[in-house]
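One structure below.
The values are calculated or read from the model by the stated rules, or taken from the named source; none is laboratory data. Everything numeric in this text was worked out from a predicted model, so none of it was measured. Here the Cβ is made from the backbone with ideal geometry for all residues, glycine too, and neighbour counts use every protein chain on show. Remember, those area values only see protein heavy atoms, side chains included, never the ligands or the DNA or RNA. Shrake-Rupley method; radii C 1.70, N 1.55, O 1.52, S 1.80 Å.
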Amino acid sequence: LCDHGPTHIDSISHLSRDADAPSVDQIPLENCITSAICLDVSDVSQKTQFGRRKIESELARWTLDIRTGDTILFYTAQYDRYYGKPEYMTDYPGLDREATEFIIDKGCVNFGVDSPSPDMWYDKTYPCHTTCARRRVTHIENLCNLDRLVGKRFTFIALPLKIRKGTGSPLRAVAVLAA
């Protein structure tokens, strides 16, 4: 079983050097079933980072806000463009440190992307992962079908397996839209 290959959640312990960093089996259930929004960042150039300004622009565009306890999903269109091709693993945009801190400061408890990482592949400082480790916030990688959720508020369910001391877990992500 690969804990970081398919759609999966990274635990705080994934990149943290803190011996007490929570593992995947310690992620609170209330962080796995949340209210959520999806923002469109598909116009961000491949192999670049986007920041707070882009997020604020998308929030205004869709008349959305980030609420305490939210999950924020970012539609990069990476899955739609490149899944199954080598570019899927390298040619995607990522959040910069300021963007990551901004959504966490607004109350985000979890976020996700439709690419292999929320960090741009070429930035080996991993600003998003390191911020998540320091601020103790999880994130989800390798989502798909986010184009169907752009601009909407919904309930998001993403339950990890209880892998003892695991740094990540495959999951089935579900969006529940209002009827």
What single numbered condition from (1) assigned to a helix (DSSP H, G or I); (2) touching an Asp or Glu at 6+ places or on another chain (Cβ under 8 Å) fails to hold for Ile163? (1)
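Inside the range 102-111, can you point out the residues that are within 13 Å of the chain's Cα centre (by Cα), part of a loop (DSSP other than H, G, I, E, B) and not β-branched (Val, Ile, Thr)? Quick ask: steps written out before the conclusion?
Here is the first cut: in the range 102-111, the residues within 13 Å of the chain's Cα centre (by Cα) are 103-104, 108-111.
Still in the running and part of a loop (DSSP other than H, G, I, E, B): 108-109.
Scanning the range 102-111 gives a single hit, Cys108.
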Count of the range 103-115 residues which are closer than 25 Å to Cys144 by Cβ and free of Cβ contacts under 8 Å to residues at least 60 places away in the same chain: 7
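Given Arg81, Arg52, Arg61, Arg67, which one is in contact with a helix residue (DSSP H, G or I) (Cβ under 6 Å, 6 or more places away or on another chain) and of a type in the set (D, E, K, R)? Break it down into steps so the answer makes sense when it comes.
Values: Arg81 fails: in contact with a helix residue (DSSP H, G or I) (Cβ under 6 Å, 6 or more places away or on another chain); Arg61 fails: in contact with a helix residue (DSSP H, G or I) (Cβ under 6 Å, 6 or more places away or on another chain); Arg67 fails: in contact with a helix residue (DSSP H, G or I) (Cβ under 6 Å, 6 or more places away or on another chain).
Answer to the check: Arg52.
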Kindly provide the set of residues from the range 134-166 that are within 14 Å of Pro6 (Cα to Cα) and open to solvent by less than 70 Å² (accessible area, probe 1.4 Å), ordered by number. His139, Ile140, Glu141, Asn142, Leu143, Cys144, Ala158, Pro160
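Pick out the one residue from Asp147, Asp119, Asp114 that is under 15 Å from Leu39 (Cβ atoms), under 13 Å from the mean Cα position of the chain (by Cα) and charged (D, E, K, R).
Values: Asp147 fails: under 13 Å from the mean Cα position of the chain (by Cα); Asp119 fails: under 15 Å from Leu39 (Cβ atoms).
None of the others qualify; the one that does is Asp114.
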